[in-house]
Structures are given as structure tokens and as C-alpha cells.
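Student: Once you've had a glance at the structure underneath, I'll fire off some questions.
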Amino acid sequence: MIDAANTAWVLICSALVLLMIPGLAFFYGGLVRKKNVAGTLMQVIVTMGVVGVVWVLWGYSLAFGPSLGGLIGNLEWFALSGVSAMEPGPYSDTIPHQAFMIFQGMFAMITPAAGFVGVMPALVIGLVAGVVCYWAVELLGKLRIDDSLAVLGVHGIGGTWGAIATGLFVGIGYGALADGVSRGEQILYQLISIGAAWGWSLVATAVILLAIKYTMGLRLPDRDEERGLDLSQHDETAYTFDDR
């Protein structure tokens with residue numbers, strides 16, 4: 001049976017996360033030179049729109065649809081076919097299926113590991129994540145790897161640690177391991193998921209980069225980069241004041 005309070009809370013949480021995305025755009029804008037701020041804001045906002053459309057068309061079905069060999073969902077729910085806005089789905093009895101879809105769309109791949117453990121393990125996860133991510137960012141800098149906005153150092157390495165930590169601490173202080181699953185087996189499952197995520201990310205990124213390289217090119221001409229993305233690509237500036 002649909003519960004109005006549960007549905008309202010899930011939708012409120014989804015809306016709050018949606019509001020975080022423009023905030024993220026401003027955060028990233030503060031990490032680049034002022035001549036590239038508007039371009040950075042534009043990239044985040046456009047990505048938000050593209051991801052939303054992809055999630056509705058096939059992303060949700062591939063992530064949560066009926067399983068194909070336990071590896072990926074099929075396209076039975078393509079374009080939300082069979083995903084009711086009034087009736088509950090297979091994952092929750094008290095909210096509409098579409099409400100669940102919206103919630104998962106907002107939280108896809110960003111759910112913190114600390115949400116699956118007790119208070120003390122959550123503090124340990126956060127402490128170790130801060131240290132590991134800092135070391136990763138420093139190492140990538142020393143290796144002269146162009147990790148734009150520390151995406152790999154923070155999100156990649158931090159997410160990897162979070163996935164491992166979930167296996168280490170799940171069920172300690174909160175929740176429990178699945179029936180018949182040992183701690184070692186859960187850690188193994190987490191490592192397999194990490195390998196799958198890294199493999200998919202590397203292959204998909206390589207394909208995208210190669211496609212861009214042989215079509216529009218990966219980089220702008222030096223003159224446009226020197227001028228800045230804001231003026232060279234958008235004919236706009238984020239700031240109207242000068243340096244005087």
C-alpha cells in the first residue's frame with residue numbers, strides 16, 4: 001500500500017540532491033581559472049540534463065530492470081514502460097515505482113558507504129577516506145598526471161575505499177550481512193564490484209575519448225585556451241570586474 005508520508009520524504013530527499021548539482025557546478029567553478037568558470041558551470045548543468053534523459057530512457061532499466069544473468073538489467077522498462085507512477089514496484093511496497101526510480105536517479109553511484117554501517121565504523125570510513133584521498137591527490141600531482149579537479153584522486157580512490165569499507169564494516173552497529181554470506185564473501189563481492197566499476201569506467205571513457213578525438217578533437221586550439229573557454233566557446237564571462 002502506498003504511504004503518503006514515505007512518498008513525500010523520498011521525493012523531498014530527491015529534490016534536495018537535485019539542488020546540490022547546481023551547487024556542485026559553483027564548487028567546480030571555484031576550482032578553475034576565472035576565464036573558464038562559465039564554461040565549467042555549463043558543463044555541469046548540461047550533464048545534469050543529459051544524465052536525466054539517459055536515466056529515464058534506459059539507465060534505470062539497465063540498473064534495476066529484470067536481470068540478465070545477474071549482471072545487468074534488460075530493457076523491459078525502457079522509457080519507463082511498466083514503471084507505474086501510482087503503484088509500488090518490486091523494490092518498495094510503500095512508494096510508487098516512479099518515486100523509487102527518481103530517488104535512485106538522484107543517488108546513482110553516489111550513495112555513501114557510511115549509510116550501511118554504524119556510527120563508529122562510519123567515522124573510521126570518513127577518517128581513512130580523507131587520508132587516502134589526500135595521498136592520492138598528492139601522488140597524482142607528483143606523477144604529473146592531469147587529474148582535472150582531482151576527480152580520480154577524490155571520487156575514484158575515495159569510492160574504491162568506500163566500497164571496500166562497506167564489506168569490512170557492514171553489519172557492525174547497523175544492518176547485517178545477508179543470510180548465509182560471511183564477512184570474507186562480502187568483501188570478495190565488494191572487490192568484484194570494484195573491478196567491474198573500474199573496468200567499465202576505463203573502457204567507456206576510452207571509447208568516448210577516442211570518439212571525441214577523431215571527431216571534434218580533445219583540446220581547443222592554444223589561442224582559444226589562452227583566451228579562456230568562457231569567451232572562446234560561449235562569448236560570455238562569469239565576472240564583469242577586472243583585476244585592478
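Student: Checking GLU76 against (1) of a type outside the set (Phe, Trp, Tyr); (2) at pLDDT 90 or above; (3) open to solvent by less than 40 Å² (accessible area, probe 1.4 Å); (4) touching a Gly at 6+ places or on another chain (Cβ under 9 Å), only one condition comes out false. Which one?
Tutor: Tallying (1) of a type outside the set (Phe, Trp, Tyr); (2) at pLDDT 90 or above; (3) open to solvent by less than 40 Å² (accessible area, probe 1.4 Å); (4) touching a Gly at 6+ places or on another chain (Cβ under 9 Å), GLU76 fails exactly one: (3).
Student: Also, I was wondering about something else. Going by the structure shown, is ALA136 touching a residue at least 60 places away in the same chain (Cβ under 8 Å) and either in a helix (DSSP H, G or I) or under 21 Å from VAL17 (Cβ atoms) (or both)? Quick ask: steps written out before the conclusion?
Tutor: Values: touching a residue at least 60 places away in the same chain (Cβ under 8 Å): no; either in a helix (DSSP H, G or I) or under 21 Å from VAL17 (Cβ atoms) (or both): yes.
When the stated conditions are applied, ALA136 does not pass them.
Student: Looking at GLY228, is it closer than 19 Å to GLY30 by Cα and either open to solvent by less than 40 Å² (accessible area, probe 1.4 Å) or touching a Ser or Thr at 6+ places or on another chain (Cβ under 6 Å) (or both)?
Tutor: Judged against the criteria, GLY228 is a match.
Student: If I go through region 191-225 residue by residue, how many of them are outside any helix (DSSP H, G or I) and in contact with a Ser or Thr (Cβ under 9 Å, 6 or more places away or on another chain)?
Tutor: Of the residues in that region, 2 qualify.
So that you can scan it fast, the table gives a plain yes or no per residue for (1) in contact (Cβ under 8 Å) with a residue 12 or more places away in the chain; (2) part of a helix (DSSP H, G or I); (3) among the β-branched types (Val, Ile, Thr); (4) in contact with a Ser or Thr (Cβ under 6 Å, 6 or more places away or on another chain):
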residue	(1), (2), (3), (4)
MET86	yes, no, no, no
ASP93	yes, no, no, no
ALA99	yes, yes, no, yes
PHE103	yes, yes, no, yes
ILE125	yes, yes, yes, no
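Conditions (1) of a type in the set (A, V, I, L, M, F, W, C); (2) modelled with pLDDT of 95 or more, marked per residue:
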| residue | (1), (2) |
| --- | --- |
| VAL119 | yes, no |
| THR166 | no, no |
| GLY171 | no, no |
| VAL203 | yes, yes |
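Student: Related question: So, restricting to helices (runs of 4 or more DSSP H) that lie completely within region 2-72, which ones have at least 1 residues that are open to solvent by 80 Å² or more (accessible area, probe 1.4 Å), over 30 Å from LEU229 (Cα atoms) and out of contact with any Asp or Glu (no Cβ under 8 Å at 6 or more places or on another chain)?
Tutor: Where helices (runs of 4 or more DSSP H) fall fully within region 2-72 and carry at least 1 residues being open to solvent by 80 Å² or more (accessible area, probe 1.4 Å), over 30 Å from LEU229 (Cα atoms) and out of contact with any Asp or Glu (no Cβ under 8 Å at 6 or more places or on another chain), they are 4-29.
To keep it simple, each residue is scored yes or no on (1) surrounded by 13 or more Cβ atoms within 10 Å (Cβ to Cβ); (2) over 21 Å from the mean Cα position of the chain (by Cα).
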site: SER81; (1), (2): no, yes
site: ALA85; (1), (2): no, yes
site: GLY89; (1), (2): yes, yes
site: ASP93; (1), (2): no, yes
site: PHE100; (1), (2): yes, no
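The values are calculated or read from the model by the stated rules, or taken from the named source; none is laboratory data. This is a predicted model, so every value here is computed, not measured. Here Cβ is always computed from backbone atoms with ideal geometry, including for glycine, and neighbour counts include all displayed protein chains. Note: accessible area is taken over every heavy atom of the protein model, side chains too, but ligands, DNA and RNA are not part of it. Shrake-Rupley method; radii C 1.70, N 1.55, O 1.52, S 1.80 Å.
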